[in-house]
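Notes follow the structure.
The values are calculated or read from the model by the stated rules, or taken from the named source; none is laboratory data. Every value quoted in this text rests on a predicted model; they were computed, and no experiment measured them. FYI the Cβ positions are ideal-geometry reconstructions off the backbone, even for glycines, and counts take in every protein chain you see. Just so you know, the surface numbers come from the protein's heavy atoms only, side chains and all, with ligands and any DNA or RNA stripped out. Shrake-Rupley method; radii C 1.70, N 1.55, O 1.52, S 1.80 Å.
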Protein chains: 2
Amino acid sequence: MANLDRIFHALSDPTRRAVIERLRDGGASVSELAQPFDMALPSFLKHLGVLERAGLIESDKQGRTRHCHLADGALVPVSAWMADQRALWEGRTDRLAAFVEQKDANP
Amino acid sequence: MANLDRIFHALSDPTRRAVIERLRDGGASVSELAQPFDMALPSFLKHLGVLERAGLIESDKQGRTRHCHLADGALVPVSAWMADQRALWEGRTDRLAAFVEQKDANP
DNA sequence: GTCAAGATTAGCCATGTGGCTAAGTAATCG
DNA sequence: CGATTACTTAGCCACATGGCTAATCTTGAC
């Protein structure tokens, strides 16, 4: 499975999108992340696995707790694909290309 | 399944993304779209079904052929979510908000 | 050293996905 | 009318996904 496949797949689930939205406010442990969801921990861990395999989040274990945070620039492949589509789709290549360039130069 | 779920799911498959990329160049019939893929037609039709249920493409039957085209503004929910994420994530609300505004004002 | 907490693994289950073939329907062509 | 074309439907299959419980491992707190 290509990377873009994994990323889009990871984003296709509301639980996983919620985790990403939650992580915007800063990193958190697995159980902190799991707390809002009415789901057993192993089930939730699978979602984290999907997000991590897609490169959207990263984590490292500190003692017995695992800390998760957003991966830097994780959504760049998506926004690049999106920009590509929108640009050619809507015939506004110039402005979107500029946007992407700016984004890459200034991440 | 929410709409964003369906859209992201639809985009998570390379065949379906290729169809979208192909449709940027203009509408096409089912068999024209299917031609590049080494896949039986019923299998391919399922992909078209996923794209259509996600609201990414539309189609109408003319005689015995079905013509498909991109749905207008289909990717807006995605780019809105993306912009939302990137803005808060990267703390560059201003420029991204401007970008989205510009896009909405000038579609 | 014992025990609780946090995470993980193993394994089960129902359902969904993505592929196929075969057979059916509807419209055009000769 | 009959044949061909262009989809469509039905139904099968293997495998992935998303949920669970139960058991395990590791670390931190007494």
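Quick rundown of the values:
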read-out	value
Buried solvent-accessible surface, both chains (A, B), 1.4 Å probe, Å² to nearest 100	3300 Å²
Computed Kirkwood radius, in angstrom, where 1/r is averaged over Cα pairs of segment A:3-70	11.9 Å
Cβ-vector label at 7 Å, A:R53, separations to other copies in nm	2.2
Per-copy distances of the B:S29 label point, shortest first, in nm (7 angstrom along Cα→Cβ)	6.3
Computed E for A:Q35/B:D38 - FRET, C-beta separation, R0 45 angstrom, nearest 0.05	0.45
Shortest-first nm distances, B:D72 label point to equivalent points in other copies (7 Å, Cα→Cβ)	4.3
Net +/- balance of residues flanking A:M39 in space, Cβ distance below 13 Å, scoring K and R +1, D and E -1	0
About the Cα centre, charge dipole magnitude for segment B:41-82 (Lys/Arg +1, Asp/Glu -1 at Cβ), debye	240 debye
Dipole-positive endmost among B:L51, B:L33, B:G63 within segment B:3-70 (Cβ charges, Cα centre)	B:G63
Rounded to the nearest 20 debye, dipole of segment B:3-70 from Cβ charges on Lys, Arg, Asp, Glu	140 debye
Burial order of peptide ranges A:45-53, A:10-18, A:26-34, B:35-43 (average beta-carbon count within 10 Å, highest first)	A:10-18, A:45-53, A:26-34, B:35-43
